[in-house]
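Presented below is the structure to which this report refers.
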Amino acid sequence: MNRESTLPKPFVFVLMPFDDEFSDIYKFGIKGAAEDVGAYAERVDEQIFTEGILDRIFTQISKSDVVVADMTGRNPNVFYEVGYAHALGKITLLLTQAVEDIPFDLKHRQHIVYGGKIDALRRDLGERLRWAVEASRRDRSPLRSERLTLFVYSLEAIKPGSIAEVPSLEGESKTLDFSIPIHLRNDSIEALNPITHVYLLSRSNASLIPTEYKTWHSAPGTYINLVGTTSLSPSPLEPLSGGSLDKVGDFDAQFRLPISFPAMPPGAVEVANAGFMFRHGKKESDDLLRVRLFSSTGFHDFDFRLRIKLRVEGDSETAKKAPS
């Protein structure tokens, strides 16, 4: 038995002149197209409200999933309201009966010229609305609204799937173990909830193993100033298994890092130290790594490489401490 979705229908707010000559265009062309794609369309003159009409229009534009604007006749009110919708970043579909009614600075935007033909308008607008409603749904996803940038030391990591080459942090370490600062910046327009779970994805044969310490010391540990060598013996982290992170792409090992990030207002930066040590017999790394940050709405991945050379006096003695 088919059941209708209980989710609210997408809201299409319509900007157009209220003249009687537009009544059928609105009722059968625009509202009909919205109904065809499972949305509902309204104009402000159909609504009951107590505030001023312009305030109401601004509120409805803000709440809408998609804005449809008929530019026919170059109505100044419609032009003004379209400008407000564009300022809010709303998906705005432009209609006109005559192409010359589209202002010069908006002609580069997609628009429908329907020439007074309501059937053609309903068909063409329905196709655009189907795309616009889905695009709006994606844009309103909580995860999509989270914009984060992650730096490894001073290197900006990239999102997986980028066409750019994975950036590499290169340097030399004087010790078998070292730590690097991980900076996280909130580029969202809203506050970011705490990041309590941070994972590192790696390969099981990687030259570097993530570690944890009971106490961090601030003495520099490398020639490139990778901070955080410690007088305590580093403890290698045990890889996790059986979770959804197993064997993701090129990665077949995952570790829960003992770091977290607090809630951050927009534009804020927080830092945490991630520890590493060389595997037994390894003196040089070229490891592809991925940091996965879990927020309350999903996760964010960042890729980078660590190309570190071990430069230790008395290698034969210190190498005995490296884990296999």
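Just so it is clear, none of the values below were taken in a lab; they were calculated from the coordinates. Because the structure is predicted, anything quoted here is derived from the model rather than measured. Don't worry about glycine lacking a Cβ; one is built from the backbone with ideal geometry, like all the others, and counts go over all protein chains shown.
Only loop residues by DSSP count here, and only those with at most 16 other Cβ atoms within 10 Å; note down the chymotrypsin sites (Phe, Trp or Tyr not before Pro) in the stretch 1-109 that meet that.
Values: sites: 11, 13, 18, 22, 26, 28, 40, 49, 58, 79, 80, 84, 104; in loops: 18, 49.
Those that pass, being in a loop and sparsely packed, are 18, 49.
Run down the aspartates and glutamates and flag those whose C-alpha is under 19 Å from the C-alpha of residue 174, throwing out any fewer than 8 positions away in its chain.
Within the straight-line limit of under 19 Å, residue 174 reaches these aspartates and glutamates: 212, 284, 286, 287, 313, 315, 317.
What shape does the stretch 11-142 have by the C-alpha gyration tensor, where a ≥ b ≥ c are the square roots of the eigenvalues, rounded means a/c under 1.5, and otherwise prolate means a/b greater than b/c and oblate the rest? Intermediate results must be reported in sequence, preceding the final value.
Working: a/c = 1.22, a/b = 1.09, b/c = 1.11.
Here the stretch 11-142 falls in the rounded category.
Do the alpha carbons of any pairs in 27/90; 31/159; 31/107 sit beyond 30 Å of each other, and which pairs?
Working: 27/90 23 Å; 31/159 40 Å; 31/107 24 Å.
Pairs exceeding the cut-off: 31/159.
Write out the GluC sites (Glu not before Pro) in the stretch 128-212 meeting two conditions: DSSP loop, and at most 13 other Cβ atoms within 10 Å of their Cβ. Could the numbers behind the result be given before it?
Values: sites: 134, 146, 156, 165, 170, 172, 190, 212; in loops: 146, 165, 190.
Filter output for the stretch 128-212: 165, 190.
Taking amide H positions as placed 1.01 Å from N in the peptide plane, with prolines and chain starts having none, which residues 5 or more places from residue 172, or on another chain, fall under 5 Å of its amide H?
It is 223, 224, 309, by chain and number.
Report the trypsin sites (Lys or Arg not before Pro) located in the stretch 79-178 that are in a DSSP loop and have at most 14 other Cβ atoms inside 10 Å of their Cβ, or state none. Don't skip to the answer; put the middle values down first.
On the way: sites: 90, 107, 109, 117, 122, 123, 128, 130, 137, 138, 140, 144, 147, 174; in loops: 90, 107, 109, 117, 140, 147, 174.
Counting only loop positions with at most 14 other Cβ atoms within 10 Å, the trypsin sites (Lys or Arg not before Pro) in the stretch 79-178 are 107, 109, 117, 140, 147.
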